[in-house]
1. As an exercise, use a Förster radius of 41 Å and the Cβ-Cβ distance of Ala60 and Arg132 to find the FRET efficiency, rounded to the nearest 0.05.
2. Whole-Hz ³J(HN,Hα) for each residue in segment 27-40, computed from phi via Karplus 6.51 cos²θ - 1.76 cosθ + 1.60 with θ = phi - 60°, x for glycine and proline: what do you get?
3. Give the order of Met1, Met70 when sorted by the count of other beta carbons within 10 angstrom, beginning with the fewest.
4. Using a 7 Å offset from Cα along Cα-Cβ at Ala38, what residues in segment 66-84 end up with backbone N under 16 Å from the label point?
5. For segment 2-87, with the dipole built from +1 on Lys and Arg beta-carbon atoms and -1 on Asp and Glu ones, taken about the Cα centre, which of Gly16, Met70, Val5 lies farthest toward the positive end?
6. Report the local net charge at Ala32: Lys and Arg +1, Asp and Glu -1, summed over other residues whose C-beta lies under 10 Å from its C-beta.
7. Out of segment 1-38, which GluC sites (Glu not before Pro) are coil in DSSP terms and have no more than 10 other C-beta atoms within 10 Å?
8. Phe45: net charge of surrounding residues, Cβ under 10 Å, Lys/Arg +1, Asp/Glu -1, itself excluded?
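What follows is calculated from the coordinates using simple rules that are stated; it is not laboratory data. Small disclaimer: the values here were computed from a predicted structure and weren't measured. Quick reminder, even Gly has a Cβ in these numbers, built from the backbone with ideal geometry, and neighbours come from all protein chains shown.
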Amino acid sequence: MRVTVHVYDRIRQTLGTRRIEVRLPESATLAALFAELAERYDPRFAALPDDEDSPFGVNALILDGRRVAMPRDADLELTNGAELHLIPPIGGGSEGVERSVSPIRGPVRATEPRPGFQTSAAHAAPPAPGARPQRRVRPRRSDRD
């Protein structure tokens with residue numbers, strides 16, 4: 001069976017690829033997938049299931065659109081064509097990060113929209129009572145020529 005593992009951030013930089021195609025025997029489990037990744041690609045894959053603060057920094061495991069966790073789902077059987085995403089932390093603190101944007105100084109004034117600026121339908125004035133709603137009609141391809 002074939003399983004695709006999508007990697008991001010530090011794992012992608014280390015391996016030099018965005019995804020890994022892994023061939024496993026039929027009825028392989030999630031634990032077997034991580035063991036294969038650790039053996040073939042990088043031993044740090046063995047630490048991913050046990051520790052969210054692992055060297056690769058994986059924060060979530062998404063298997064075929066469903067969040068899974070190790071060791072809870074270690075015995076989960078994989079299917080042919082399964083896709084696993086190793087999601088890194090998305091946000092973080094500001095420790096060790098320099099501010100690159102200076103604060104706004106002075107008063108902040110609201111401005112009027114530019115002439116001809118179109119507002120979204122949610123902000124448009126309601127139609128007059130009894131008025132028919134206007135509908136945008138796009139010409140058919142045959143009418144454009």
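1. The computed FRET efficiency comes out at 0.25.
2. Here the 3J(HN,Hα) series is 6, 6, 9, 4, 4, 5, 5, 5, 5, 5, 4, 5, 6, 8 Hz.
3. Met1, Met70
4. Correct set: 70-76.
5. Gly16
6. Local net charge: -3.
7. When the GluC sites (Glu not before Pro) of segment 1-38 are filtered for loop state and at most 10 Cβ neighbours within 10 Å, Glu26 remain.
8. Taking every other residue near Phe45 into account, the sum is -1.
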